[in-house]
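Accompanying notes for the structure given below.
Here, each number is a calculation from the coordinates, and none is a lab measurement. All values reported here derive from a predicted model rather than from experimental measurement. No Cβ is skipped: glycine too gets one built from the backbone with ideal geometry, and neighbour counts run over all protein chains shown.
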Amino acid sequence: MLFVISGPSGCGKSTLIRKVRRSLGDLEFSVSHTTRPPRPSERVGVDYHFVPAKTFERMVREKRFVEWARVHGHLYGTSRAEVERKGRRRDVVLDIDVQGARQVRTRIPGAVHIFIMPPVAGELRRRLARRHEDSPEAVERRLRNARAEIRAYDEFDYVVVNDDLVKAAADLKSVIVASRHKAGVMAERLKPVLRSFQKGRP
Ligand code: ADP
Ligand code: 5GP
């Protein structure tokens, strides 16, 4: 299964994904490509594949992205190779913006789309400021863009409000677990069970 997580910058997507992956233990994270410079705390190939614009544009021409978009002045994209490789063994989580989520919606039916909402505008500003990883201009740009991004919440299958972190992580985990138990999703796993009932000797 593919889980698409979106929400304004600073709402807590990375933090929540990290917590839920640690708790579930069987979710892969799709590492995106970006032309944005790395933040001090970020690790190459773990948080992002940091690439020059020329490399990114070549990948676009070669149709190597499932989706890509310009966000807050930089290019970001999900490579097909990344999703295919990680998706072979496990469910995959994408942390992408609302434009990217729209592309995934039309290209990959069955993906589960989850929107992370900040509790209130002022708290988003405080979180972006407290993170100390973006310039004041970058923070302002992210806050301006948040206004349009949050209006897209009703395009998503589920919404999690990230007020209290422990509760939000539990909510996100519940959404993922419930999605995995939909009858259509369970069909493959249930085949041997159903077969065992066909043999006439339950
Ligand atoms: P995003 O990935 O959506 O840009 P982050 O996960 O980097 O956001 O979170 C932004 C900042 O807010 C980080 O410093 C993080 O520790 C903090 N944060 C995340 N969730 C909460 C929360 N529920 N309460 C308080 N601070 C939070
Ligand atoms: P940040 O620079 O804060 O890591 O990310 C900025 C925004 O870009 C966030 O909304 C994040 O979800 C989004 N983003 C990260 N990777 C991708 C991607 O591969 N594709 C798209 N469309 N957006 C992405």
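Counting Lys and Arg as +1 and Asp and Glu as -1 over every other residue whose Cβ lies under 15 Å from the Cβ of VAL83, the net charge comes to +4. Taking the inverse of the mean reciprocal distance over all distinct Cα pairs, the Kirkwood hydrodynamic radius of the range 1-74 comes to 14.0 Å.
Protection proxy ranking, highest mean first, for peptides 141-147, 182-188: 141-147, 182-188, where packing is the per-residue count of other beta-carbon atoms within 10 Å, averaged. Among residues other than PRO40 with Cβ under 12 Å from its Cβ, the summed charge is -1 (Lys and Arg +1, Asp and Glu -1).
Net charge dipole, the range 24-72: roughly 360 debye, given to the nearest 20, about the Cα centre with Cβ charges of +1 for Lys and Arg and -1 for Asp and Glu.
Per-residue Karplus couplings for the range 42-53, computed as 6.51 cos²θ - 1.76 cosθ + 1.60 with θ equal to phi - 60°, are listed in order as 7, 10, 4, x, 9, 7, 8, 8, 8, 10, x, 4 Hz, Gly and Pro entered as x.
For the chain, dividing the convex hull volume of the Cα atoms by the residue count gives 135 Å³ per residue. With θ taken as phi - 60° and the Karplus curve 6.51 cos²θ - 1.76 cosθ + 1.60 applied, the whole-hertz 3J(HN,Hα) list for the range 7-12 is x, x, 4, x, 6, x Hz, x standing for glycine and proline.
Given +1 at the Cβ of Lys and Arg, -1 at the Cβ of Asp and Glu and no other charges, the dipole of the chain around its Cα centre is 740 debye to the nearest 20.
Placing +1 on the Cβ of every Lys and Arg and -1 on the Cβ of every Asp and Glu, with nothing else charged, gives the range 149-202 a dipole about its Cα centre of roughly 860 debye.
Report the Cα centroid-to-centroid distance between the range 107-158 and the range 2-44 in angstrom, as an integer. Using only Cα atoms to place each centre, the spacing works out to 13 Å.
Using a simple spin-label model with pseudo-atoms 7 Å out from Cα toward Cβ, ARG126 and ALA53 lie 3.7 nm apart. The base-10 log of I(q)/I(0) for the range 95-202, evaluated at q = 0.10, 0.15, 0.21, 0.23 Å⁻¹, reads -0.45, -0.80, -1.22, -1.31 [Debye formula, identical scatterers on Cα atoms, solvent excluded].
The lysine pair tally for the chain, using Cα distances under 20 Å and a gap of 8 or more places or different chains, is 12.
By DSSP, the beta bridges lying fully in the chain are antiparallel in about 30 percent of cases. Mean separation of Cα pairs under 8 Å and 6 or more residues apart, divided by the residue count, gives the range 43-202 a relative contact order of 17 percent.
Spread over its residues, the convex hull of the C-alpha atoms of the range 85-151 is 133 Å³ per residue. Dipole of the range 86-190 computed with +1 at Lys/Arg Cβ and -1 at Asp/Glu Cβ about the Cα centre; of VAL104, PRO136, VAL92, farthest Cα towards the positive end is VAL92.
With a Förster radius of 35 Å applied to the C-beta separation of LEU194 and ASP154, the computed FRET efficiency comes to 0.40.
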